[in-house]
Amino acid sequence: MTRDPRFDILFESVRLGPVTTPNRFYQVPHCTGMGYSMPATLNAMREIKAEGGWGVVNTEYCSIHPSSDDMPHPFASLWDEGDVRNLSGMTEAVHRHGALAGVELWYGGIRTSNLASRSAALAPTSMPTSYAPWQSQRMDRADIQQFREWHLAAARRARQADFDIVYAYAAHSYMLAQFLDPVINNRTDEYGGELANRSRLLREVVEDMRAAIGDRCAIAIRIETLNDDGHGRDERAHLLETLAPLIDLFDVTVPDYSQEMGVSRFVKEASLEADIAHIRAVTGKPVVSVGRFTSPETMLSQVRRGVLDLVGAARPSIADPFLPEKIREGRFDDIRECIGCNICYAQDSLGVAIRCTQNPTMGEEWRRGWHPEHVPAVAVPEPVLIIGAGPAGLEAAMVLGKAGVPVMLAEADRDLGGRVTLESRLPGLSEWARVRDWRVGQLEKLPHVEIFRESRMGVADILDTGIGHVMIATGASWRTDGRGHSFARPVDSFNDPRTISPDHLMRGERPARGPVVLFDDDHYYMGSVLAERLVTEGFSVTLVTPRGVVGSWGENTVEQARSQTRLLELGVEIIVNTTVCALGDGTAVLQCVYSGRQRELPCAAFVPVTSREPQDALYHDLNGKGLKTLVRMGDCKAPGIIAQAVLDGHQHARAFGRLPDELIVRRDRVII
Ligand code: ADP
Ligand code: SF4
């Protein structure tokens, strides 16, 4: 296949001071949850991106000095020679594929509590730090001088590690951005007050870098776009003009959406584009930005319209590390598009290595030796029967098919996709259908994979096929008996005609009119999206949660605040720190999780969102029936998030027909 010549422009190189990119595909710095303690895992993951065609591959935020650590969130570091050695592994790996390697030098300031080092966080002012009940230390002149030296030393180490692009990080409320921020920076010395003063440290840091490493490395700066109203544009223009001669690349980012320090700005795409145009005009330097790129067409349009010089991507490069290569080869329908679930980010929030719903090989490149594009052929490809075409069954069928195994995939419903098909009809989740669509598209290209819809399979049907290898992926269903985090035993009174399960709601059933009580003991998205669906259909909805906030796990995916805000705006009544402990006569009985005090609420319909029952009967019934191999996978094994089902399907498919020594899982760690 050859690419459409319209896309040629994306494959042009771009000069960034002393270095030149091979194309315009730019993986911006993004967290990996691997940090400095998993160098082999990290380097292999970054290498895959370079192999997949990203012209620039960056590290995540990289601490310049031990006096700023972000624990419990893993971060990269350039503190010493050991870090230089480890990160040299990344630059070497990235260079092997002709790409450039970049490093984002970082210092947290107020946003870090230094839980690991236990030292006071240095910052322009003394304010409460992010994760702990203690404050930062207001920097005096000597501290500022020391910070400059640390930054410079890290920049020199970056050059030593053979990085091509080195960042000053002046965004996302970290140190340099804190100095720039007129609200946070209340200093009265030459580093506070008007912008010329607030930007002094940034200018000094950049000047230091330019002088020390600017001959070999491009100097990049990461800054945030302005608010939609463009407030402060003229003042900033002057700063940009001053910085421009020192900078080879402006990375314009949107503010992060965390609620920390009151930062929660949502910038419109049009405002971002206008701001980027302004930055380019004022500086005359190349600009990269993530924007809200969703497809090769939008990428192309941004470059053609002169919005961007380099197209930045974080999530698209996680969901499909081979996206540039697929565009180059004109294989657009092979691109695995991100679904925006933020599970990748959640991993870092939780302090563990990155994973991706769409790309189950993410984070497994070194540990299991998984490649996102290649599956080794199975030596003896005997046919496999897969029951259930949800994310687990679809993924397993696709991976086995690519490994050369004949597959029969049987699905009870007319629609494929299982839970993602149902859930993608819920508010805000339409993009989740991509989990199904991409896999179905891939399956259609595999002639030895046959799909049977509307084929509910029982034990006899399965044995009648004569296929010796069976994989069960029959999913799970929402429980209605209340069992979950709060109740280990069924709540008898929930067995009531007013109780309606999330599965039934998703399939279109609706309760009679009257007050709906939704008990969210799941703490992720299902309770919130069902409440949203019902309230927008005119039901009066009360969401009851035993936690202090709605959908508390969503804090890891940065969705919690947004979804609670949305429910409040839509008029959902929210009751926190409370369980629904019983159904009474026309009421739901609520109980405070602290005091145990009870009260009643009118209730015409009750929706328990608590936990799910694995549908594993078929698996158990087939056990001992003489099959050569029988496995269960996905939600019928252990109900979980979609990423878990995809990964499980992938893993079982990769394991099929392999010897144990082909399935080695390595452990990345420093050995003394
Ligand atoms: P997972 O997330 O583990 O893939 P899902 O619940 O999304 O699980 O998908 C399970 C799929 O299995 C559903 O589409 C369901 O219709 C299908 N299924 C369940 N039981 C059978 C059966 N006996 N025969 C065929 N398909 C089945
Ligand atoms: Fe996109 Fe979700 Fe993958 Fe992150 S985890 S890259 S948001 S699909």
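The values are calculated or read from the model by the stated rules, or taken from the named source; none is laboratory data. As the structure is a prediction and not an experimental result, all values here were calculated from the model. Heads up, the Cβs are rebuilt from the backbone with ideal geometry, glycines too, and the neighbour counts pull from every protein chain shown. Each accessible area value is taken on the protein alone, full model and side chains, heavy atoms only, with ligands, DNA and RNA left out. Shrake-Rupley method; radii C 1.70, N 1.55, O 1.52, S 1.80 Å.
What the table below lists for this structure:
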read-out: Of all residues in the stretch 379-418 being touching a strand residue (DSSP E or B) at 6+ places or on another chain (Cβ under 8 Å) and not hydrophobic (A, V, I, L, M, F, W, C), the one that is farthest from ligand 2 (Cβ to nearest atom); value: Glu382
read-out: Checking Ala488 against (1) of a type in the set (A, V, I, L, M); (2) away from ligand 2 (no atom under 16 Å from the Cβ); (3) open to solvent by less than 20 Å² (accessible area, probe 1.4 Å), the condition it does not meet; value: (3)
read-out: Selected residue [more than 16 Å from Val103 (Cα to Cα), open to solvent by less than 20 Å² (accessible area, probe 1.4 Å) and touching a residue at least 60 places away in the same chain (Cβ under 8 Å)] from Met175, Met139; value: Met175
read-out: Residue that is part of a loop (DSSP other than H, G, I, E, B), more than 16 Å from ligand 1 (Cβ to nearest atom) and over 22 Å from Ala50 (Cβ atoms), where the choices are Ala377, Ala270; value: Ala377
read-out: Residues being touching a Leu at 6+ places or on another chain (Cβ under 8 Å), of a type outside the set (Gly, Ala, Ser) and within 14 Å of ligand 2 (Cβ to nearest atom) - total across the stretch 303-326; value: 1
read-out: Test: residue in the stretch 583-591 that is under 18 Å from Met526 (Cα atoms), touching a Leu at 6+ places or on another chain (Cβ under 7 Å) and of a type outside the set (D, E, K, R); value: no
read-out: Entirely in the stretch 147-232, the helices (runs of 4 or more DSSP H) that have 3 or more residues that are at pLDDT 95 or above and within 28 Å of the chain's Cα centre (by Cα); value: 175-180
read-out: Every pair of residues 6+ apart whose Cβ atoms lie under 6 Å, when the first sits in the stretch 11-36 and is of a type in the set (Ser, Thr, Tyr) while the second is open to solvent by less than 10 Å² (accessible area, probe 1.4 Å) and in a loop (DSSP other than H, G, I, E, B); value: Thr21/Gly55; Thr32/Ile354
read-out: Any hit, the stretch 327-338, residues being away from ligand 2 (no atom under 16 Å from the Cβ), in a loop (DSSP other than H, G, I, E, B), hydrophobic (A, V, I, L, M, F, W, C) and in contact (Cβ under 8 Å) with a residue 12 or more places away in the chain; value: no
read-out: Residue satisfying condition, being free of Cβ contacts under 8 Å to residues at least 60 places away in the same chain, among the polar types (S, T, N, Q) and closer than 25 Å to Ala346 by Cβ, within set Thr578, Thr565; value: Thr565
read-out: Test: Phe606 is more than 16 Å from ligand 1 (Cβ to nearest atom), closer than 25 Å to Ala44 by Cβ and at pLDDT 95 or above; value: no
read-out: Residue match in the stretch 74-95 (condition: assigned to a loop (DSSP other than H, G, I, E, B) and surrounded by fewer than 22 Cβ atoms within 10 Å (Cβ to Cβ)); value: yes
read-out: Residue count for the stretch 419-433, restricted to those that are in contact (Cβ under 8 Å) with a residue 60 or more places away in the chain, surrounded by fewer than 21 Cβ atoms within 10 Å (Cβ to Cβ) and within 16 Å of ligand 2 (Cβ to nearest atom); value: 4
read-out: Inter-residue pairs, beta-carbon under 8 Å, first surrounded by 13 or more Cβ atoms within 10 Å (Cβ to Cβ) and in the stretch 442-456, second of a type in the set (Val, Ile, Thr) and not in a helix (DSSP H, G or I), 6+ apart; value: Leu443/Val449; Leu443/Ile451; Leu446/Val407; His448/Val405; His448/Val407; Val449/Val407; Glu450/Val407
read-out: Sole exception among (1) in a loop (DSSP other than H, G, I, E, B); (2) more than 16 Å from ligand 1 (Cβ to nearest atom); (3) closer than 30 Å to Gly466 by Cα for Ala412, by number; value: (2)
read-out: Options Glu559, Glu573, Glu532, Glu555: the member that is among the acidic types (Asp, Glu) and without any contact (Cβ under 8 Å) to a residue 40 or more places away in the chain; value: Glu573
read-out: Selected residue [touching a helix residue (DSSP H, G or I) at 6+ places or on another chain (Cβ under 6 Å) and free of Cβ contacts under 8 Å to residues at least 40 places away in the same chain] from Val311, Val307, Val303; value: Val307
read-out: Residue list for the stretch 327-372, restricted to those being surrounded by fewer than 18 Cβ atoms within 10 Å (Cβ to Cβ) and either acidic (Asp, Glu) or within 16 Å of ligand 1 (Cβ to nearest atom) (or both); value: Glu329, Asp333
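For (1) free of Cβ contacts under 8 Å to residues at least 40 places away in the same chain; (2) of a type in the set (Gly, Ala, Ser); (3) exposed (fewer than 15 other Cβ atoms within 10 Å of the Cβ), each residue gets a yes or a no:
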{"position": "Gln598", "(1), (2), (3)": "yes, no, yes"}
{"position": "Thr610", "(1), (2), (3)": "no, no, no"}
{"position": "Leu630", "(1), (2), (3)": "no, no, no"}
{"position": "Lys637", "(1), (2), (3)": "yes, no, no"}
